[in-house]
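Okay, so here's the structure we're looking at.
The values are calculated or read from the model by the stated rules, or taken from the named source; none is laboratory data. Not measured: the values here are computed from a predicted model. Here Cβ is always computed from backbone atoms with ideal geometry, including for glycine, and neighbour counts include all displayed protein chains. The area values use the complete protein model at the heavy-atom level, side chains included, leaving out ligands, DNA and RNA. Shrake-Rupley method; radii C 1.70, N 1.55, O 1.52, S 1.80 Å.
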Amino acid sequence: MKPETCNNRIWLSSPHMSGNEMHFIQSAFEQNHVFPLGPNVNGFEEDIKLLTGIRHCTCLVSGTAAIHLALILLGIEQGDEVICSSFTFSASANPILYQKAIPVFIDSEPETWNLKPETLEEAIADRIKRGKKPKAIILVHLYGMPARLDRVMEIADRYEIPVIEDAAESLGSTFDGHYTGTLGEIGIYSFNGNKVITTSGGGAFVSNNEEHCRKAFFLATQARDQAPHYQHSHIGYNYRMSNISAGIGRGQIMVLQQRVEKRRENYFFYKNALKEFTGIRFQDEPDERFYSNHWLTTLLIDPDQTGGITQEDIRLELERHNIESRPLWKPMHLQPVFHEYPAYINGTSESMFEIGLCLPSSSSITHEERNRVVDVIATLIRKGK
Ligand SMILES: *Cc1c(COP(=O)(O)O)cnc(C)c1O
């Protein structure tokens, strides 16, 4: 039997419907609002604003599209340099290349796993010395953990470089009481199927700057000028969210708080159930200002303290028990496609990538399923090599 058809497989991060979604889809069908834009999109944008406190929101086909439009709005063009967290999913960095700009990758700090402020400052100073000031910073909140926003924003403001917060994984996370995605010049969220809530695929562009959201809307809807005929003075994109997808989003955002609580509870559960193993560490919040949605519970496994058991041994053993787990994101500066670009590296993300693992973290995971995961890991480590 292929893994996909096994009914007892435990997935890394599954969509989790609330039951409210069909109501919004139904009403779209009844009114024949089966197209991009429409009342569900408007409603979903209002929901996001109400939740996060952001002033403006434009829903799009994906988080990647939102990053792309953010770069366009900030004037990023061929040859410009854009700073980006190295420890992330490739979608954070790909839009830099869509614009034929140059990514400059910055390594992480061990506490948050996110962009290290000192390395950021060194990199900015060095780029300026070499003759080019970076034009934007893409700041990622990895696995839901807020980056050190106070320090990063202070540095960015001092050098007058706008920050795009890639909050694709961190909807519902807060730093010092502020939702991630709301503190930078522009924020982006993702509603891909594996994220905390989903629209089956979608994203949002958010900003307190009305002009940014108005322009994002304009570019996302084929850049049509004000005229009765189709008149264009800019290159446009077809990036708008569909009214059906937004209906799913409306049903999902109603339960966001519960979804975040369950993801956090998964983290506390794993942490407690595996606490006897000193070779296993978690992505913990450094202090009370950080509130992570713990989108995925992630481990660092030190084989010197687990009798030689590595993260790959654990991944393979989980797979043998029909449980999906996954290595951490491979840092961008190690990716063949980004290899040639400048990178300011301190060793943190590389060493984490080598020993890290993401555990099944769906909000729909059951207590029995989580126990199955823990049993496999504990049995393997107790047995040793
Ligand atoms: C998922 C993700 C994205 C892209 O979002 P899509 O909606 O899938 O395009 C961007 N950045 C990070 C860090 C992500 O995890």
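Projected over all directions and averaged, the alpha-carbon convex hull of the stretch 66-171 occupies 5.9 nm².
Compute the label zone of GLN305 within the stretch 97-117: residues whose backbone N is under 16 Å from the point 7 Å along Cα-to-Cβ. Answer for this model: 110-111. With all protein chains in place and a 1.4 Å probe, the accessible surface of the chain carries 51 percent carbon and sulfur. Accessible area per residue for the stretch 21-253, computed on protein heavy atoms with a 1.4 Å probe, is 38 Å².
All Cα-Cα separations within the stretch 233-385 were binned at 10 Å from zero, giving a P(r) of 9, 30, 29, 22, 7, 2, 0, each value a whole percent of the pairs. Highest GNM mean-square fluctuation, the chain, Cα pairs closer than 10 Å: which of ASN266, ASN208, ASN293? Top of the fluctuation ranking is ASN208.
Note on LEU316 and ARG151: with the Förster distance fixed at 51 Å, the Cβ-Cβ geometry gives a FRET efficiency of about 0.85.
Counting heavy atoms of the protein chains alone, LEU50 has an accessible area of about 150 Å² for a 1.4 Å probe. Computed with a 1.4 Å probe over protein heavy atoms only, the accessible area of GLU111 comes to about 90 Å².
About the centre of its Cα atoms, the chain shows a dipole size close to 680 debye [charges on the beta carbon of Lys, Arg (+1) and Asp, Glu (-1) only; nearest 20 debye]. Ordered by 1.4 Å accessible area with all protein chains kept, PHE29, PHE353, PHE277 run largest first as PHE29, PHE353, PHE277.
Here the stretch 153-181 is scanned for amide nitrogen atoms under 19 Å from the site 7 Å beyond the Cα of ASN346 along Cα-to-Cβ, giving 153-159.
For the stretch 21-253, the residue among ILE72, PRO162, ALA136 whose Cα projects farthest onto the positive side of the dipole built from Cβ charges is ILE72.
If a/c stays under 1.5 just call it rounded; otherwise compare a/b with b/c (prolate if a/b is bigger, oblate if not). Do that for the chain, with a ≥ b ≥ c from the square roots of the Cα gyration tensor eigenvalues. Write out the running numbers ahead of the final one.
On the way: a/c = 2.01, a/b = 1.23, b/c = 1.63.
In terms of gyration-tensor shape, oblate.
Keeping all protein chains in place and using 1.4 angstrom, which order do LYS271, LYS129 fall into by accessible surface area, from largest down?
Values: LYS271 70, LYS129 170 Å².
Ranked from most to least accessible, the order is LYS129, LYS271.
Put simply, the convex hull of the Cα atoms in the stretch 126-244 casts, on average, a shadow of 9.9 nm².
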